[in-house]
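> Can you keep this structure in mind? I'll have questions shortly.
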């Protein structure tokens, strides 16, 4: 894995956004060749979305040939409820950019047949040629999407019952009233994300530091589902200083030492040295 | 970039880079319109999978509903109370002229006039829908003549009147009240309570103004159906801590429970009312605040002396005064 350690949340958002931009531009998407991007919700990726919107507004990045697949959505919450993930994605991302509506895929938490909806989602990902880059976050209990502790590491998109911790953590978005919080969600599985060609996990804040430690310094365990990505060929963890608080000093030093290399990933592919001489 | 043709063939317009008024706040937010209706872009995106056909850059302008002016005496050289040559044409000229100022509905206002004038003018002002050619005419506001002569402001003394015989005197004065929608009267005049009831029963808004009424006289009037105050602070007795007069209606507990809100007009030109007085009124009863222009025929005309109606008006900078005096006469 790559572990990119940056000073703070803003720097993490910027690095992640620049990485996504670089990957899309290098891919050179077109009408026959869409870039497929997996997307999360929550406070962690907000800064990244803001930066991506800035790139679009400056004319540096277009989402015209990008297809997106969101990780999850609550069950039985109206699509236009302010806390639904549809609302989140519209207000924080889609309405500001030039993505086409038919290319933004989200699970429908109000589908008649939820199992069919989940299977359909997997089909859509397959039809789109699989996911090029899946961006995600991590819960304090080490979960990715709604794959709570105990979720199978080869799971696919399915209905999940949310555990008590998650419901309590979400109460703050529902006026502190636990009875209003959805108890089920449709979510991509660990296996679904593992199928992506590349995975980028954002982790910021001291409250996530234990989960990061469990995810990368301990073994692969279904109790900390993000740890599954130790088995993925191309994963980047992007985090801030606070998120590294539970890691070994050795680990942190090693990866910080690789920052020059990590930053090269953001650069435009340089031309061959011989053709540069004509600049003088 | 079309909308979803299976739902509607009409074009979708996206107004970008603008601010919109919603829920009493101004937000930076795009406005989406189809078929003359505001649509929900989120629903369009997720359910219809549609997007804008046309995007319009508003360059940070505010998009707001059109203004409604319930007190406007004329403009662009036209005075509703004294232009008798082409009354419909005059009203139309003002209706068109105010559109560019964002006003899409208004009540042509007639100040205290003689019986003959009302007979000539009122039947000619018709309630009319608005459109490209002019703002909507909601109905006439008859400001007077049943007002206090001490508080007549720029109205002429010889036009002051009373209704000692009740509503029959009203009908006798105005003759045809079919387009009247607002009446300003002074509730301390005898028989006011009966007159107010009659007007309210006919769907006319009764506004208290140009009056020496005390607070309790005002409260009685409200109990009988009055629901508006004409240009608060102007042409009425001032707020006094032992008798707030009509200004006190903003905070009275004696209003009937089924009265929704007591509204009050404010001329917010910085001259008719001190901004602090406006703020006090607003902080006391924000929901009732209604901005009015009380514009005169000279509105839209340059500085100097102009004849409006039966008087000469002098425009000095931003103030319109009765020529030769210090009396303000509308905007």
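Laboratory data are not the source of any read-out in this text; all were calculated from the coordinates shown. Every value quoted in this text rests on a predicted model; they were computed, and no experiment measured them. Cβ: placed from backbone, ideal geometry, glycine included. Neighbour counts: every protein chain shown.
> How large is the helix-only mean residue ellipticity at 222 nm for the protein assembly as shown, computed as the sum of -39500 (n - 2.57) over DSSP H runs with n ≥ 4, divided by its residue count, in deg cm²/dmol to the nearest 500?
-7000 deg cm²/dmol, from helical runs alone.
> Order of A:55-66, B:290-301 by packing, highest average Cβ count within 10 Å first? It would help to have the intermediate numbers written out before the result.
Numbers: A:55-66: 15.5, B:290-301: 22.8.
Highest to lowest by the protection proxy: B:290-301, A:55-66.
> To the nearest 0.05, how large is the calculated FRET efficiency for residue B:57 and residue B:84 if R₀ is 60 Å and r is the Cβ-Cβ distance?
0.80
> Still on this structure: Output the Kirkwood hydrodynamic radius of the protein assembly as shown, Cα pairs only, in Å rounded to one decimal.
Mean inverse Cα-Cα distance, inverted, gives 29.6 Å.
> Can you say what percent of the DSSP beta bridges in the protein assembly as shown, counting only those with both residues inside, are antiparallel? Round to 5.
On the way: 34 of 89 bridges.
Taking every DSSP beta bridge with both residues in the protein assembly as shown, the antiparallel ones total about 40 percent.
> Relative contact order of chain B: what whole-number percent is it, with Cα pairs under 8 angstrom and at least 6 residues apart?
Contact order relative to length: 13 percent.
> If we sort A:89-100, B:245-256 on the protection proxy, mean other Cβ atoms within 10 Å, highest first, what's the order?
The packing order, highest mean first, is A:89-100, B:245-256.
> Provide the descending list of Cα extents for segment A:127-280 along its principal axes, expressed in whole angstroms.
For segment A:127-280, the Cα spread along each principal axis is 69, 43, 33 Å.
> Classify segment B:1-146 from the C-alpha gyration tensor, please: rounded if a/c falls under 1.5, else prolate or oblate depending on whether a/b exceeds b/c.
Prolate is the answer for segment B:1-146, as a/c is 1.5 or above and a/b outweighs b/c.
> Turning to a different aspect of this structure: Give me Rg over Rh for segment B:67-292, both radii from the alpha carbons and Rh done the Kirkwood way, two decimal places. Write out the running numbers ahead of the final one.
On the way: Rg = 16.8 Å, Rh = 17.7 Å.
The Rg/Rh ratio comes out at 0.95.
> Just how far, in whole angstrom, is segment A:59-84 from segment B:132-156 if you go by their alpha carbon centroids?
Measuring centre to centre over Cα atoms gives 55 Å.
> Binning every alpha carbon pair distance of segment B:186-331 at 10 Å from zero, what are the percents per bin?
11, 37, 31, 18, 3
> May I pose another question? Against the longest alpha carbon principal axis of chain B, how many degrees, from 0 to 90 and to the nearest 10, is the axis of helix B:192-201 turned?
The angle comes out at about 30 degrees.
> Relative to the first principal axis of the alpha-carbon coordinates of chain B, what is the inclination of helix B:87-99, with its axis defined by its Cα atoms, in degrees from 0 to 90 and to the nearest 10?
50
> On a C-alpha basis, how far is the centre of segment A:106-157 from the centre of segment A:195-267 in Å? Whole number, if you could?
21
> Decide, for segment B:256-328, between rounded, prolate and oblate: order the square roots of the alpha carbon gyration tensor eigenvalues as a ≥ b ≥ c, take rounded if a/c falls under 1.5, and otherwise choose prolate if a/b is larger than b/c, else oblate.
In terms of gyration-tensor shape, prolate.
> Calculate the length of the line joining the C-alpha centroid of segment B:180-249 to that of segment B:29-87, in whole Å.
One Cα centre to the other: 33 Å.
> Let me know the shape class of segment A:2-266, please: from the alpha-carbon gyration tensor, a ≥ b ≥ c as square roots of the eigenvalues, rounded when a/c is under 1.5, otherwise prolate if a/b is greater than b/c, or oblate.
Because its axes are fairly even, with a/c under 1.5, segment A:2-266 counts as rounded.
> On average, how much area does the Cα convex hull of segment A:110-216 cover when viewed from any direction, in nm²?
If you wrap the Cα atoms of segment A:110-216 in a convex hull and average its projections, you get 7.6 nm².
> If you consider only alpha-carbon coordinates, what radius of gyration and Dmax does segment A:77-124 have, in Å?
Both quantities, over Cα of segment A:77-124: 11.8, 32 Å.
> Over the whole of A:80-90, what's the average partner chain Cβ count within 10 Å per residue? Rounded to a whole number, please.
So the per-residue partner count for this stretch is 2.
> When you have a sec, figure out the Kirkwood radius of segment B:12-63 from all distinct Cα pair distances and drop it here in Å to one decimal?
By the Kirkwood definition, the hydrodynamic radius is 11.3 Å.
> When DSSP beta bridges are limited to those with both residues in segment B:12-63, what percentage is antiparallel, rounded to the nearest 5?
Restricted to segment B:12-63, the bridges split so that about 60 percent are antiparallel.
> Give me a single rounded figure for A:102-112: the average over its residues of other chain Cβ atoms within 10 Å of their Cβ.
Per-residue shielding by partner chains comes out at 1.
> Across peptide B:40-48, how many C-beta atoms of other chains are within 10 Å of each residue C-beta, on average? Write out the running numbers ahead of the final one.
Numbers: counts 1, 4, 9, 3, 1, 10, 11, 3, 1.
Per residue, the average neighbour count from other chains is 5.
> Nearest 10 degrees is fine. How inclined is helix B:275-284 to the longest principal axis of chain B, computing both from alpha carbons?
Between helix and principal axis, roughly 80 degrees.
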